[in-house]
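Here the structure comes first, spelled out in structure tokens, and everything after it is commentary.
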């Protein structure tokens, strides 16, 4: 079985770092001439998938913008997920789930079990009920050739109080920032997997100072990094090597508004334009 990390490595090598966010904000739906409804979100998502196919390797649907429409929204999301995977795009479901015990197992089944209506290639997870609460789900992901991105250093300022907290755990011989502890704990699950890139990664905002979170090049070595914050939020493709050092080639750089705001007519051209900037940054 080919691991998620191997598939992601191939996608990054073939298409570059750009990941297109599928974020059907109500304002964007209106700007696109679509109703702010489940049907509008479905049409929006399918158009983004069509424009992304062959131009990038990864898309990231924001689950909340579908979930807000209830059961019809989830049905719309199912169609978008299936269309994206059928188009040979890797799909990261941005669900940010996190819980304990059988509840977490239910979330993992929903997003990562092959054949599930909501099946994605990877999902975002929150570790702040304790990183160990995710361990069984992360092992399940690996067993099915899936991946996960665990929140480590997010770009919202209010998160720093928790994510930069100091950890002094004699039992685990770990000292430092909580975000680094999270990366250390989940990254251990990549040991022994095939390929140079692991299947379990972390989320690090491109607009944060990762050193302040203890996320050094050594800590994130060999891990995929999902990095929101490029484009409209301020980070530039040319910044990728500076921001992520030796791990820059393992970064998925997410852009949403900077691409989606051009509207459906210019979408494919904007995706190609932005993707080329990341490929140029990697060569530079």
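Residue-by-condition table, conditions (1) surrounded by fewer than 23 Cβ atoms within 10 Å (Cβ to Cβ); (2) in contact (Cβ under 8 Å) with a residue 60 or more places away in the chain; (3) closer than 30 Å to residue 195 by Cα:
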residue: 241; (1), (2), (3): yes, no, yes
residue: 244; (1), (2), (3): yes, no, yes
residue: 258; (1), (2), (3): yes, no, no
residue: 268; (1), (2), (3): yes, yes, no
residue: 271; (1), (2), (3): no, yes, yes
residue: 275; (1), (2), (3): no, yes, yes
residue: 279; (1), (2), (3): yes, yes, yes
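Look through segment 95-104, keep the residues that are assigned to a helix (DSSP H, G or I) and loosely packed, with under 15 Cβ neighbours inside 10 Å, and return whichever of them is modelled with the lowest pLDDT. Give the derivation first.
Within segment 95-104, the first condition is being assigned to a helix (DSSP H, G or I), and the residues that meet it are 101-104.
Cutting the leftovers down to loosely packed, with under 15 Cβ neighbours inside 10 Å gives us 101-103.
Details: 101: 83, 102: 88, 103: 91.
So the residue we want is 101.
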For residue 73: the one exception among (1) touching a helix residue (DSSP H, G or I) at 6+ places or on another chain (Cβ under 8 Å); (2) under 25 Å from residue 3 (Cβ atoms); (3) surrounded by 16 or more Cβ atoms within 10 Å (Cβ to Cβ): (2)
Say we look at segment 210-236 and pick out the residues that are assigned to a helix (DSSP H, G or I) and more than 18 Å from the chain's Cα centre (by Cα); which of these is surrounded by the most Cβ atoms within 10 Å (Cβ to Cβ)? 213
Scanning segment 244-281 residue by residue, those under 17 Å from the mean Cα position of the chain (by Cα) and closer than 18 Å to residue 153 by Cα turn out to be 244, 247, 248, 250, 251, 252, 253, 254, 255
Looking only at residues in segment 105-148 that are buried (at least 17 other Cβ atoms within 10 Å of the Cβ) and at pLDDT below 90, which one is farthest from residue 223 (Cα to Cα)? 133
Residues of segment 13-50 that turn out to be surrounded by fewer than 23 Cβ atoms within 10 Å (Cβ to Cβ) and part of a helix (DSSP H, G or I), as a count: 16
Can you tell me which residue is surrounded by the most Cβ atoms within 10 Å (Cβ to Cβ) among those in segment 51-68 that are free of Cβ contacts under 8 Å to residues at least 60 places away in the same chain and farther than 19 Å from residue 97 by Cβ? 57
Is there any pair with a first residue in segment 23-38 that is under 17 Å from residue 70 (Cβ atoms) and a second that is in a loop (DSSP other than H, G, I, E, B) whose Cβ atoms are under 6 Å apart and which are 6 or more apart or on different chains, and what are they? 26/36; 29/36; 38/69
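The values are calculated or read from the model by the stated rules, or taken from the named source; none is laboratory data. Fair warning: this is a prediction, and the values are worked out from it, not measured in the lab. FYI the Cβ positions are ideal-geometry reconstructions off the backbone, even for glycines, and counts take in every protein chain you see.
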